[in-house]
């Protein structure tokens, strides 16, 4: 049921992307030459707009014409918002992994167009997370409550899976904020924290699978998102390390010593 990234931001589980930030950020400029980025006010307005549209859409899709529909619509809003946030988070993490790939500067010519999407997608992830959490809290049948949503372990409904969602939320906020205000942190710290975006996705994925009462019916979607992020992570971290390891001048010496 419940489930759930800024110079650059999450999501996903990836500051991973910031390695590519210099060339991408240079491309993410307006016609006047100034970098395009959301301010705190514009981000808040964007989140509010998403929330208002989602509320209106829920009222249209599931109008409260009966007691049962009035009861189920809150759960449907929570579930739909959770799935939307997970899908957007997966997209953001994948873009970050690709943007930060060591060969990106020479092989991927679209970085300057993709980077702004990665940088600002956190706003929509956060908006859907807000809808998800609020819907779960106000749903009297969910068994979560505000304490269970915000404090890991206090939910009376599937305590451990809901706790994973709470941890994912806090980790996402940390990676997003530290990536947005990098100049306030010691050099390099934001990058270390931003790499936890991949952990954010893993926690969110586990939260969705374990906490959802209809996870079996949605398993195809969960598998697809997991394969996309897992494939991007393998492309970013594992595949590229193979040729680098073989071409290392000290590789044979290290092997002989071992």
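The values are calculated or read from the model by the stated rules, or taken from the named source; none is laboratory data. If you're wondering where the values come from, they're calculated on a predicted model, not measured in any experiment. Ideal geometry is used to build each Cβ from the backbone, glycine not excepted, and the neighbour counts take in all protein chains shown.
Say we look at the stretch 193-231 and pick out the residues that are at pLDDT 90 or above and within 23 Å of residue 180 (Cα to Cα); which of these is surrounded by the fewest Cβ atoms within 10 Å (Cβ to Cβ)?
Once the filter is applied, the top-ranked residue is 199.
Yes/no matrix, rows are residues, columns are (1) in contact with a helix residue (DSSP H, G or I) (Cβ under 6 Å, 6 or more places away or on another chain); (2) in a helix (DSSP H, G or I); (3) more than 23 Å from residue 201 (Cβ to Cβ):
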| residue | (1), (2), (3) |
| --- | --- |
| 134 | no, yes, no |
| 149 | yes, yes, no |
| 153 | yes, no, no |
| 163 | no, yes, no |
| 167 | yes, yes, no |
| 175 | yes, yes, no |
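Consider residue 78 against the criteria (1) closer than 27 Å to residue 232 by Cα; (2) buried (at least 22 other Cβ atoms within 10 Å of the Cβ); (3) touching a helix residue (DSSP H, G or I) at 6+ places or on another chain (Cβ under 7 Å); (4) at pLDDT 75 or above: it satisfies all of them except one. Which criterion is unmet?
(1)
Quick one: residue 179 ticks every box in (1) loosely packed, with under 15 Cβ neighbours inside 10 Å; (2) modelled with pLDDT under 90; (3) within 19 Å of the chain's Cα centre (by Cα) bar one, so which box is it?
(1)
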